[in-house]
Structure formats: structure tokens, C-alpha cells
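Remarks on the structure that follows.
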Amino acid sequence: MCRAMLPVALGGLLVMLAACGGLDDAPDTPAAPSARSKHSQLFWDALGLVGDGVEGYATLREMAAAADLVVRGTLAAPRATRQIRQQLPVGGPQQVAFYVAMDIVPTEVVRGMPGPLVIEFFRFRPPDQLDAFVVQLEETLPTGEMLMFLRWKTDASGAYRLVNGAGLWTSVGAGGVTCPLARPADTAKLRSEAAGFENVMALAEYVR
């Protein structure tokens, strides 16, 4: 288990990114958190659900111990990368299978020793919608911290993936945490375990 804090220079960059992330001029107004929450939900909806059957774990601590890397931070620079193949569904539009990659901007490495901090998600889209899909991700990218449980991919991507759908947790405005890329019915036990934590920083301390 390894805890690594980033150099001060990078910490300054993180502050600059937060300052440029579209924060409201009047953050104390009641409407601001709600607007940001709805904005972020469009991002999670665009990414879709991540398969929970990839790797199954009974507890969050078990998942953290098995992951190659557990990191607290934010995501940046979404982009379409490798195109895998073209799907030709019967009676439907042509679909492209591709990966969307994002940089992980770390606040803290909670467990493990990181490689290049890039994460990939597998998606399908019609070929003429790829650019619009990336723009949607850029425009709705959440600014809040996340806790990510990651598996190093053994292919040529040089990137991580989530261990499963419960491998990414975010703080919620009223206090608490959630895993927005997992089906609630499939992750009821993990959500119950995480129910007592106020934010992802507290959850990170728990799984350290």
C-alpha cells in the first residue's frame, strides 16, 4: 500500500483547473449545486453503465486491495481514441465501437504505484456522431473529485479501466457518496457499506 502526495507545483495546477472549471459566481445560492449536479448527470449518462460482472467484490476494501491502483482526483481531456470495429446491426444504424480516453488528474494516490494516468471507457456510436459525443463529454465534465478503483489494461493502450461499475465514486451535494456508473440493484451491498461516508475523501481513508 502506497500513499503518494503530488508536488506543490502540480497542486498549484489543480487549483488553477478548479478556478477555470466553470464554478458559479455565487456558489452560496441554492440553485448552484443543483445545476452542477444535473450538468454532471449528462456526463454519466453519456458514458453509460460499466459492466458489474467484469470483476465482482463483496466489499469496498476487498475491491481496493485487488485493484492495481486506487486514486482520488478528477478527469480531464476526454477524447475518442482507438476504433475497434464497425457494427452493422440488423435494421439499425451503423455503429462504431471505440474507446474514449481521459486523463486522471490526481489529488492523491491512495493505493498502488501509478503508471500513465489515463483511463479508457468502451462505447458505441454512429460514425457521424463521434465528434459530437466528445464535445458532450467536454461540456458536461464533472469538476468534483472522484475515487477510482483501477485495473491496468494488458493491451497496447497504455491505460487503465475501472475494475467494474462500482469502481468510480463521487460525492453528492447533500453529503454522501454514490457510484454513478453502476446499476443500484447490482451494487446494493457496496452502496450500503459506503452510506456512512460524507465524501470521497472519507471513503478513500476507509479503503486505504
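The values are calculated or read from the model by the stated rules, or taken from the named source; none is laboratory data. Since the model is a prediction, treat every value here as computed from it, not as a measurement. Cβ atoms come from the backbone with ideal geometry, glycine included; neighbour counts cover every protein chain shown. Just so you know, the surface numbers come from the protein's heavy atoms only, side chains and all, with ligands and any DNA or RNA stripped out. Shrake-Rupley method; radii C 1.70, N 1.55, O 1.52, S 1.80 Å.
Just one of the listed residues (V134, V109, V172, V100) is of a type in the set (V, I, T) and touching a Cys at 6+ places or on another chain (Cβ under 9 Å), and it is V109. If you go through the range 58-78 and keep only what is among the small types (G, A, S) and over 13 Å from the mean Cα position of the chain (by Cα), you end up with A58, A64, A65, A66, A67. Residue selection: W152 fails the criterion of being buried (at least 19 other Cβ atoms within 10 Å of the Cβ) and aromatic (F, W, Y). Taking the range 59-77 as the range and being assigned to a strand (DSSP E or B) and farther than 14 Å from R161 by Cα as the test, the residues that pass are R72, G73, T74, A76, A77. Filtering the range 168-208 to residues that are of a type in the set (G, A, S) and either in a helix (DSSP H, G or I) or open to solvent by 20 Å² or more (accessible area, probe 1.4 Å) (or both) leaves S171, G173, A174, G175, A185, A188, S192, A194, A195, G196, A202, A204.
Has the range 158-167 got at least one residue that is of a type outside the set (A, V, I, L, M, F, W, C) and either surrounded by fewer than 18 Cβ atoms within 10 Å (Cβ to Cβ) or free of Cβ contacts under 8 Å to residues at least 40 places away in the same chain (or both)? Yes, that holds for at least one residue.
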